[in-house]
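Step one of this worksheet: look at the structure below.
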Amino acid sequence: MIVAIVGRPNVGKSTLFNRLTESKQAIVDETSGVTRDRLYGKAEWTGKEFSVIDTGGYIRNSDDIFEEEIRKQVDIAMDEAGLILFVVDVVNGITDLDEAVAEILRKSNKKVLLVANKVDNNARILDSNVFYKFGLGDPICISSINGSGTGELLDKIVEYIGDEKPEEELDIPKYTVVGRPNVGKSSLINALIGEERNIVTPISGTTRDSIYTRYNKFDHDFYLVDTAGIRKKGKVTENLEFYSVLRSIRSLEKADVCLLLIDATQGMESQDLNIIKLIQKNKKGLVILVNKWDLIEKETNTSKEYTEAIKKKIAPFIDVPIIFTSVINKQRIHKVLEEAKTVYENRKRKITTAKLNDVMLEAIETYSPPSVKGKFVKIKYVTQLNTFYPSFAFFCNLPQYIREPYKRYLENKLRENFDFTGCPIQIYMRKK
Ligand code: GDP
Ligand code: GDP
């Protein structure tokens with residue numbers, strides 16, 4: 001589920017975003033350091049995970065913002081997010097822009113939590129009473145800076161998302177088609193679905209904003225997560241990027257495996273790489289389709305060279321199937337489904353602790369973690385965690401001393417010995 005933070009500039013949206021995502025980021029996010037990460041992150045509270053998006057990050061010139069622009073932002077957030085955090089500032093009180101945002105939110109039927117920020121001390125709790133005027137329920141008093149009240153806020157958030165079904169429990173693979181505009185997503189979906197829409201049943205009890213359709217095609221049984229059908233074209237103008245990021249997150253959150261299309265005539269671009277980051281953050285499976293392959297003039301090694309060029313860009317996550325398709329000619333559609341199924345199986349793969357330790361302790365013996373400040377770093381054993389995606393805990397005397405390159409070594413060894421093609425792998429170092 002997507003939780004969107006909205007509000008006028010300077011109320012503390014990005015500070016709140018950091019606070020909600022920080023612990024999570026520090027533990028699991030190995031791809032941080034990119035601007036996009038300030039706007040989109042994962043948060044976790046009492047074992048429930050959700051996406052957080054800071055809408056403010058997408059507004060240019062945020063110091064002198066037009067009301068119109070913020071309206072659009074809130075509008076899109078309302079369409080795409082499951083829950084809205086409307087942040088206001090107890091120090092500055094209510095401004096016209098706050099009123100404008102409140103009005104839009106009141107008219108929607110989206111769940112809104114009213115967050116009174118900058119309540120750094122008890123005296124300011126009283127000041128938050130002015131916000132009752134919005135008619136959006138009780139203000140939740142927090143201080144994003146010192147963290148007070150954020151626990152209560154998180155409780156309210158997970159209480160709300162608690163109703164969402166854990167959809168991953170289904171035994172049939174769920175795929176989603178992602179990619180930039182015009183790469184051929186609709187054409188692929190048409191090719192997969194064909195003329196007769198061989199629909200069995202949608203998953204019962206799914207939330208209103210996701211469309212799953214079950215197909216039984218080419219000897220494959222799968223759900224397609226389809227969000228394209230609910231696009232509201234009119235709203236998308238200058239906020240295109242914000243919009244498409246939200247849309248991608250929403251569709252891939254619901255899927256097991258993402259089929260990412262890129263345009264062969266354009267190659268792998270930064271927007272494509274951003275989508276791959278989203279996929280990695282959400283720990284979903286990935287198959288890359290280099291589409292419109294019919295438009296490329298080919299020589300003997302063209303596809304091989306193309307594959308190498310892509311791998312260079314997506315490194316270090318290069319253990320991914322790459323398929324050259326022409327979806328309008330229905331070329332390699334079957335292969336796409338086969339690879340997607342394999343990635344789905346890989347993502348569920350569980351390795352026994354005995355086998356895992358056999359292989360990994362030997363690898364660790366061969367190349368031990370470098371000692372730090374004269375201290376010996378020793379990994380004692382490893383176990384696979386019981387998650388929907390491949391994740392491993394390495395038990396160690398000094399987990400904080402294991403650096404990124406060594407984790408990458410461990411990941412490579414896992415990939416060499418067990419088939420996790422197409423799946424991001426999470427590696428956690430734990431204190432023995
Ligand atoms: P945004 O524009 O809504 O994303 O706001 P920022 O997160 O950039 O915060 C704007 C200013 O308010 C910054 O100077 C923050 O340090 C400050 N700020 C944010 N949260 C708090 C808070 O809880 N208490 C106080 N006193 N200041 C805060
Ligand atoms: P979407 O915006 O990602 O859904 O892209 P569409 O499926 O609407 O395709 C965009 C354009 O690319 C359309 O004109 C398609 O006919 C064309 N197209 C899609 N797939 C292929 C392909 O494999 N080869 C060629 N030559 N054109 C394609």
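The values are calculated or read from the model by the stated rules, or taken from the named source; none is laboratory data. All values reported here derive from a predicted model rather than from experimental measurement. Don't worry about glycine lacking a Cβ; one is built from the backbone with ideal geometry, like all the others, and counts go over all protein chains shown.
Tabulated data for the structure shown
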read-out	value
Within the range 323-368, tally of residues that are in contact with a Lys or Arg (Cβ under 7 Å, 6 or more places away or on another chain) and of a type in the set (Asp, Glu)	0
Selection from the range 66-98 of residues that are assigned to a helix (DSSP H, G or I) and in contact with a Cys (Cβ under 8 Å, 6 or more places away or on another chain)	none
Pair list, Cβ under 8 Å, 6 or more apart: the range 8-19 residue more than 16 Å from residue 74 (Cβ to Cβ) and without any contact (Cβ under 8 Å) to a residue 60 or more places away in the chain, other residue part of a helix (DSSP H, G or I) and within 6 Å of ligand 1 (Cβ to nearest atom)	14/56
Condition met for residue 302 (within 16 Å of ligand 2 (Cβ to nearest atom), among the hydroxyl-bearing types (Ser, Thr, Tyr) and surrounded by fewer than 18 Cβ atoms within 10 Å (Cβ to Cβ))	yes
Test: residue in the range 125-132 that is within 20 Å of residue 3 (Cβ to Cβ) and either within 16 Å of ligand 2 (Cβ to nearest atom) or not in a strand (DSSP E or B) (or both)	yes
Extreme residue, nearest to ligand 1 (Cβ to nearest atom), among residues of the range 278-291 that are at pLDDT below 95 and touching an Asp or Glu at 6+ places or on another chain (Cβ under 8 Å)	281
Pairs, first more than 19 Å from residue 319 (Cα to Cα) in the range 258-277, second assigned to a strand (DSSP E or B) and within 14 Å of ligand 2 (Cβ to nearest atom), C-beta under 6 Å, six or more apart	264/290
Verdict on residue 267 being at positive phi and within 25 Å of the chain's Cα centre (by Cα)	yes
Pairs, first over 14 Å from residue 87 (Cβ atoms) in the range 137-159, second buried (at least 21 other Cβ atoms within 10 Å of the Cβ) and of a type in the set (Phe, Trp, Tyr), C-beta under 8 Å, six or more apart	158/50
